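The values are calculated or read from the model by the stated rules, or taken from the named source; none is laboratory data. Only a predicted model underlies this, so the values are computations on that prediction, with no experimental measurement involved. Cβ placement follows ideal geometry from the backbone for every residue including glycine, while neighbour counts extend to all protein chains displayed. When the accessible area is computed, the model is the full protein with side chains, heavy atoms only, and any ligands, DNA or RNA have been set aside. Shrake-Rupley method; radii C 1.70, N 1.55, O 1.52, S 1.80 Å.
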Amino acid sequence: MSTHYHAVVWIDHQQAKVVHFNADASDAVVVHSSNPHLHLHHKANSIDSGHAPVDKDFLERVAAAIAHTGAILVAGPGGAKAELLTYLNHSHKGIVARISAVEPMDHPTDGQLLAHARQFFKADDRMRSQIRA
């Protein structure tokens, strides 16, 4: 478990990169989907939506990775961010309260992700207290 106050979660349907950090150091972990190679496509005249079902086991492992974090930035492409927020709203309301923002973000390098998160929290910290209740 990390002792850093901040974390950024970059998530898509295959993986989540969770980086706990402070101004000088960072610890990263990658959480992989239970079905990383599942790709569904909607076909004409089919009854189903063509969307993969929500991977609750994957989202639970992401939640566990950020459970003790003080301030969280969620980023990523597509709908995985919304699926994570919906899951957390139903199962982990305490984590939702610590999410500072949700932002769209394509596929950054690890360095770009960390630099963006540090810049984000430099401004965000001026607006919020970091005292844990």
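A few notes on this one:
- Scope the range 103-120; condition assigned to a helix (DSSP H, G or I) and open to solvent by less than 70 Å² (accessible area, probe 1.4 Å); matching residues: 111, 113, 114, 115, 116, 117, 120
- Filter result (part of a strand (DSSP E or B), open to solvent by less than 40 Å² (accessible area, probe 1.4 Å) and among the β-branched types (Val, Ile, Thr)) within the range 77-102: 99
- Residue selection: residue 133 fails the criterion of being surrounded by fewer than 17 Cβ atoms within 10 Å (Cβ to Cβ) and modelled with pLDDT of 85 or more.
Residue-by-condition table, conditions (1) surrounded by fewer than 20 Cβ atoms within 10 Å (Cβ to Cβ); (2) modelled with pLDDT of 95 or more; (3) not small (Gly, Ala, Ser):
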{"position": "4", "(1), (2), (3)": "yes, no, yes"}
{"position": "16", "(1), (2), (3)": "no, yes, no"}
{"position": "20", "(1), (2), (3)": "no, yes, yes"}
{"position": "27", "(1), (2), (3)": "yes, yes, yes"}
{"position": "34", "(1), (2), (3)": "yes, no, no"}
{"position": "39", "(1), (2), (3)": "yes, no, yes"}
{"position": "42", "(1), (2), (3)": "yes, no, yes"}
{"position": "49", "(1), (2), (3)": "yes, no, no"}
{"position": "75", "(1), (2), (3)": "no, yes, no"}
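- Hits in the range 54-73 - residues which are buried (at least 20 other Cβ atoms within 10 Å of the Cβ) and part of a loop (DSSP other than H, G, I, E, B): 55, 69
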